[in-house]
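Right, one structure below, let's go through it.
The values are calculated or read from the model by the stated rules, or taken from the named source; none is laboratory data. This one's a predicted model, so the numbers in the text were calculated from it and none came from an experiment. Here the Cβ is made from the backbone with ideal geometry for all residues, glycine too, and neighbour counts use every protein chain on show. The accessibility values were calculated without ligands, DNA or RNA, using every heavy atom of the protein model including side chains. Shrake-Rupley method; radii C 1.70, N 1.55, O 1.52, S 1.80 Å.
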Amino acid sequence: MKKLILFFFVFIAAATFSIAQTGSVRGFVYDKNTGETIIFSNVLILNTTHGSSTDNNGYFVISKVPKGEYNVRVTFMGYEEKVFPIKVVAGEITTLKIELEPNSKLLNAVEIRADRLAAKTESQVSIEKITAKEITQMPSIGGTSDLAQYMQVLPGVIFTGDQGGQLYIRGGSAIQNKVLLDGMVIYNPFHSIGLFSVFETDVIRNADIFTGGFGAKYGGVLSSVMDISTRDGNKKQTKGKIGASTFGANVLVEGPIIKQGTSSGISLTYLFTAKNSYLSQTSKKVYSYIDGSLPYDFLDIYGKLTLSGDNGTKISVFGFNYTDKVTDYKSIANFDWANRGVGANFLLLPGNTSALVEGVFSYSDYTVNMKETTTGKAKTSNIGGFNLGLSATNFYVDNKLIYGIEMIGSTTNSNITEIRNGNPTTIPNTNYSTELGVYGLFKGVAGKFLYEPSFRLSYYASMSKASPEPRLALKYNVTDWFRLKAATGLYSQIFIDTKPDVDIVNLFTGYETISPESMNIVRTYKGQEISSYLQTSKHLIVGAEFDITRTITLNLEGYYKTMDGLISLNRNKYYNDDAEYSDKPDFMKKEYAIENGKAYGMDLSLKYDDDRLYVWTVYSLGKVVREDELVQYAPHYDRRHNVNVLISYQVGLSRSWEVSLRWNYGSGFAYTPNKGGQEMLDFQTGIDYDYIYANGTLQMLLGEYNSKRLPEYHRLDLSIKKRFDIFKSSILELNLSVTNVYNRNNLFYQDRITGDRVDQLPVMPSFGLSISF
């Protein structure tokens, strides 16, 4: 403990070492009504070239400002412009606390938009920065706009459908995505009905979605990162929101325990949200025309306490309990999962410096269960563990240095119950892992050139394996309206999933840690001895950005990704791994096999935004190839073409009406066809078994693996919202939405034996209302 405390103070000292010798200006920008920080706002020193934008914490730094007196202008869409004088002293830091007054009027057409400024000052390769405002522009399916619905529109993102939807990003499998909530790992962010995530939209401050080429801050994942941060509770007054629809209900309550502005100089706030689905009950009445009920239930609870100081330093404690349940779906299986966690994070401004120090410590646990109602077979998977992180950010004029350390410890447990000789037999498996990572990232500017070299060193204790991972992002501002960009890097991951890929729809996704000593895994791949079981990936991304007009932007990115040493359940196992079959190759008798893969394609997006009309069109072209010992094949989530069109329009002078629609098209997924069938006899009574007159069970023989394509998928969603000011500070919102407007029969599941077909959601109107107070 003494060493840990000493390390902490050395870390703080390193962050404060470099103090600018010229004057600097730093501070936070807040919403005057709520006390919440405003991210991506513009802070400019008038009549100079000095300025900045606030980051994800609402923090800004303007360095090397000549001493003197200036006027500062602060702007952000939806707020009153603020101009005020400051005095900059050489060798000192001027700290500002800026509050902006909300205003419904539009900014002047010549106003510099924060997103346009960020496009010129940040590399922004394969990243989408999302706020609650963007999410609410989606059609409000079930009365609620949700991150899960917005994620489906992003370039390079593939969803498998409305029910049991999984997320696949640029050729990576679902387990190759890392999700963070306030720095804490979330193992399953999406519910079984793919329209909803576990996150409450109204408390999301910012979500950074990296679809590839991300910097060294993030490790232990091959494909993508979703870094989501929640806002703090209202520092000025108690606020809330209550909503209900034909799908579910939600509640939000927030407010101060110690109000901001007291003589103590601190504030203490709370934030609590809960939402649930009662679709399993309402579907029997409201949607009785659907073949069978919709047995989807979930309950999501999140709470947060935040202690803040006047200078922006703060510490938050948070916890969540997310649950999901599917009861006897189509008489096939029962399925449920629970994700629980607790954690704390802090933001510290040490001494007379512009540096930031951030830290997080959390513990989370995820358990998923599935039991087949007909066979009695069952599966259980659990992963639990802690993550600890500490980082510092130093600012040098237009440049920035970020460095930190991260530690993740986890335990995975799995139990598979099979029926052998009429009796249930449980096969347990437990593994442990610890990952330690140190990283450094430099964001530099040289004229029109932006460069972001970074390096991460990850160490996986369960494998005694170190992984050096250099990464690089570049951008060149050719003109004010045209920019070129690129990113590349090395990535590694130790987790695998325990889901067989024979069927496209499989709600169960279990976690397992790679442990070569305890796993029944192949020792060779294509005749070569395997020297390392660490899964690795290389990313290469190139792209261009065009500001066609003030309101229209075009973004084009091409990518190529290799995936080496991927570990999966062995589809080619035919023999037991014992002395009798010692002459057989590993790939025919081991439980786990090694595969390599690659993914390549391009994403094109066109966005129009004049703050009243919002149009976003996205086209993705991609191909994913995996290769095992025997064949090269397309995984089940390989989709060649994907198109999304999102339109949102606010009507009237007061913009109290909003109409949104979204259309999605996807070409067919790969699947393995049936080749034939045969009768299977179990000979349970041994030598006396009457195999001539006995009735066996039908077993299907599969054809060439993933050699066929399912039908194409397309769906149109529509919603209309109307807001009423019912009291001085209360708003009533009514919402009418329709899912699958033209009632497209999109395939969800087809029984291999009976041929019975189950479709995705049919046309489903829904009505909801909410009251904000």
**OP:** From D717, D725, grab the single residue that is out of contact with any His (no Cβ under 8 Å at 6 or more places or on another chain), among the acidic types (D, E), surrounded by 13 or more Cβ atoms within 10 Å (Cβ to Cβ) and modelled with pLDDT of 85 or more.
**Re:** D717
**OP:** Identify all residues within the range 330-357 that are open to solvent by 20 Å² or more (accessible area, probe 1.4 Å), touching a residue at least 40 places away in the same chain (Cβ under 8 Å) and part of a strand (DSSP E or B); write none if there are none.
**Re:** N345, L348
**OP:** For the range 680-695, state whether one or more residues are assigned to a strand (DSSP E or B) and not charged (D, E, K, R).
**Re:** yes
**OP:** Mind telling me which of the residues Y665, Y633, Y671 ends up being touching a His at 6+ places or on another chain (Cβ under 6 Å) and either touching a residue at least 60 places away in the same chain (Cβ under 8 Å) or open to solvent by less than 60 Å² (accessible area, probe 1.4 Å) (or both)?
**Re:** Y665
**OP:** Any chance you could count how many residues in the range 188-203 are open to solvent by 10 Å² or more (accessible area, probe 1.4 Å) and either acidic (D, E) or part of a strand (DSSP E or B) (or both)?
**Re:** 3
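Looking only at residues in the range 244-253 that are of a type outside the set (S, T, Y) and in contact with a helix residue (DSSP H, G or I) (Cβ under 6 Å, 6 or more places away or on another chain), which one is surrounded by the fewest Cβ atoms within 10 Å (Cβ to Cβ)?
Restricting attention to the range 244-253, the residues satisfying the condition of being of a type outside the set (S, T, Y) are 244, 247-253.
When the remaining residues are screened for being in contact with a helix residue (DSSP H, G or I) (Cβ under 6 Å, 6 or more places away or on another chain), the result is 247, 252.
Details: F247: 28, L252: 21.
It comes out as L252.
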Subject >> Scan of the range 732-770 for residues that are open to solvent by 70 Å² or more (accessible area, probe 1.4 Å), in contact with an Asp or Glu (Cβ under 9 Å, 6 or more places away or on another chain) and in a strand (DSSP E or B), ordered by number >> reply: Q750, R757, L769
**OP:** Restricting attention to the range 2-44, report how many residues are surrounded by fewer than 19 Cβ atoms within 10 Å (Cβ to Cβ), among the hydrophobic types (A, V, I, L, M, F, W, C) and either touching an Asp or Glu at 6+ places or on another chain (Cβ under 8 Å) or modelled with pLDDT of 60 or more (or both).
**Re:** 1
Original post:
When the range 208-219 is examined, which residues are found to be surrounded by fewer than 23 Cβ atoms within 10 Å (Cβ to Cβ) and not in a strand (DSSP E or B)?
Top reply: K217, Y218
Original post:
Considering only residues of the range 636-651 that are out of contact with any Phe, Trp or Tyr (no Cβ under 6 Å at 6 or more places or on another chain) and open to solvent by 40 Å² or more (accessible area, probe 1.4 Å), which is nearest to A670 (Cα to Cα)?
Top reply: R640
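Considering only the range 33-78, give the strands (runs of 3 or more DSSP E) lying wholly within it that have at least 3 residues that are of a type in the set (A, V, I, L, M, F, W, C) and out of contact with any helix residue (DSSP H, G or I) (no Cβ under 9 Å at 6 or more places or on another chain).
Filter on the range 33-78 gives 42-45, 59-65.
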Original post:
When the range 579-617 is examined, which residues are found to be part of a strand (DSSP E or B) and over 30 Å from E658 (Cβ atoms)?
Top reply: Y592, A593, I594, E595, N596, G597, K598, A599, Y600, G601, M602
Subject >> Only listed residue being aliphatic (A, V, I, L, M) and either within 21 Å of Q152 (Cα to Cα) or in contact with a Leu (Cβ under 8 Å, 6 or more places away or on another chain) (or both), chosen from I753, I731, I692 >> reply: I753
Subject >> Selected residue (criterion: nearest to the chain's Cα centre (by Cα)) from residues of the range 75-110 that are open to solvent by less than 60 Å² (accessible area, probe 1.4 Å), at pLDDT 80 or above and of a type in the set (S, T, N, Q) >> reply: T75
Original post:
What are the residue pairs meeting all of these: first residue in the range 79-96, first residue closer than 10 Å to K67 by Cα and outside any strand (DSSP E or B), second residue open to solvent by 40 Å² or more (accessible area, probe 1.4 Å) and at pLDDT below 85, Cβ atoms under 7 Å, and 6 or more apart or on different chains?
Top reply: A90/T22; G91/Q21
**OP:** Return the residue satisfying two criteria in turn: it lies in the range 451-497 and is of a type in the set (D, E) and more than 20 Å from D547 (Cβ to Cβ), and of such residues it is least open to solvent (accessible area, probe 1.4 Å).
**Re:** E469
Subject >> Of all residues in the range 128-152 being surrounded by 21 or more Cβ atoms within 10 Å (Cβ to Cβ) and of a type in the set (V, I, T), the one that is modelled with the highest pLDDT >> reply: I135
Subject >> Filtered residues of the range 254-284 (kept if open to solvent by 40 Å² or more (accessible area, probe 1.4 Å), closer than 25 Å to I771 by Cα and out of contact with any Leu (no Cβ under 8 Å at 6 or more places or on another chain)) >> reply: K259, Y278, Q281
**OP:** Exactly one condition in (1) modelled with pLDDT under 90; (2) more than 30 Å from G58 (Cα to Cα) is not met by N399; state its number.
**Re:** (2)
Original post:
If a residue has to be under 11 Å from the mean Cα position of the chain (by Cα), buried (at least 23 other Cβ atoms within 10 Å of the Cβ) and in a loop (DSSP other than H, G, I, E, B) to count, how many in the range 153-187 make the cut?
Top reply: 1
Original post:
Which of the residues spanning the range 303-319 are within 20 Å of the chain's Cα centre (by Cα) and open to solvent by less than 10 Å² (accessible area, probe 1.4 Å)?
Top reply: F318
**OP:** Tell me which residues, restricted to the range 115-149, are farther than 30 Å from F449 by Cα and outside any helix (DSSP H, G or I).
**Re:** Q137, M138, P139, S140, T144, S145, D146
**OP:** Would you please list the contacts, defined by Cβ atoms under 9 Å and residues six or more apart or on different chains, that run from a residue in the range 131-153 that is without any contact (Cβ under 8 Å) to a residue 24 or more places away in the chain to a residue that is charged (D, E, K, R) and open to solvent by 30 Å² or more (accessible area, probe 1.4 Å)?
**Re:** E134/E128; Y150/E134
